[in-house]
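Report on the structure given below.
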Amino acid sequence: MSDILSRLETLIAERRQALAADPAHGPTSYVARQLARGRPQLARKLGEEAVETLVAALAEDDAALAAEAADLLFHLLLLLGERGIPFAAVLAELERREGRSGLDEKRGRAR
């Protein structure tokens, strides 16, 4: 995993722990504020960032797409962190799928 993703994951975990230890103190950072909003809002924000990424992919330049993709990854890390799912689990799932036909993989998913 890249260093920046690892550092972000660590930061999110630290903010999550601090918020859980002292919820009355209130969020003191953007990460803590987002986490304090709760899972439904985190999921909505991820969806919003996904739409912005789609718009950038279709109608904006490469720099805008890269910026929106960064926002999307950041908010995905927030949601995963709120659930206590390490990004390594996502990477492990990608590795598990490696070498398998995408069509076969989709057929094998539970419906």
- Query: Applying the selection to segment 14-25, what residues are in contact with a helix residue (DSSP H, G or I) (Cβ under 6 Å, 6 or more places away or on another chain) and either hydrophobic (A, V, I, L, M, F, W, C) or not in a helix (DSSP H, G or I) (or both)?
  - Reply: L19
- Please work out if I4 is touching a Gly at 6+ places or on another chain (Cβ under 6 Å) and either without any contact (Cβ under 8 Å) to a residue 24 or more places away in the chain or surrounded by 15 or more Cβ atoms within 10 Å (Cβ to Cβ) (or both). no
- Message: Residues that are over 28 Å from E14 (Cα atoms) and at pLDDT 95 or above, at least 3 per element: which helices (runs of 4 or more DSSP H) completely within segment 26-111 meet that?
- Response: 39-59, 62-83
- Query: So, of the residues in segment 42-59 that are more than 11 Å from the chain's Cα centre (by Cα) and exposed (fewer than 15 other Cβ atoms within 10 Å of the Cβ), which turns out to be nearest to R16 (Cα to Cα)?
  - Reply: R44
- Query: Restricted to segment 81-110, and to residues that are of a type in the set (A, V, I, L, M, F, W, C) and in contact (Cβ under 8 Å) with a residue 12 or more places away in the chain, which residue is farthest from R16 (Cα to Cα)?
  - Reply: L91
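The values are calculated or read from the model by the stated rules, or taken from the named source; none is laboratory data. If you're wondering where the values come from, they're calculated on a predicted model, not measured in any experiment. Here the Cβ is made from the backbone with ideal geometry for all residues, glycine too, and neighbour counts use every protein chain on show.
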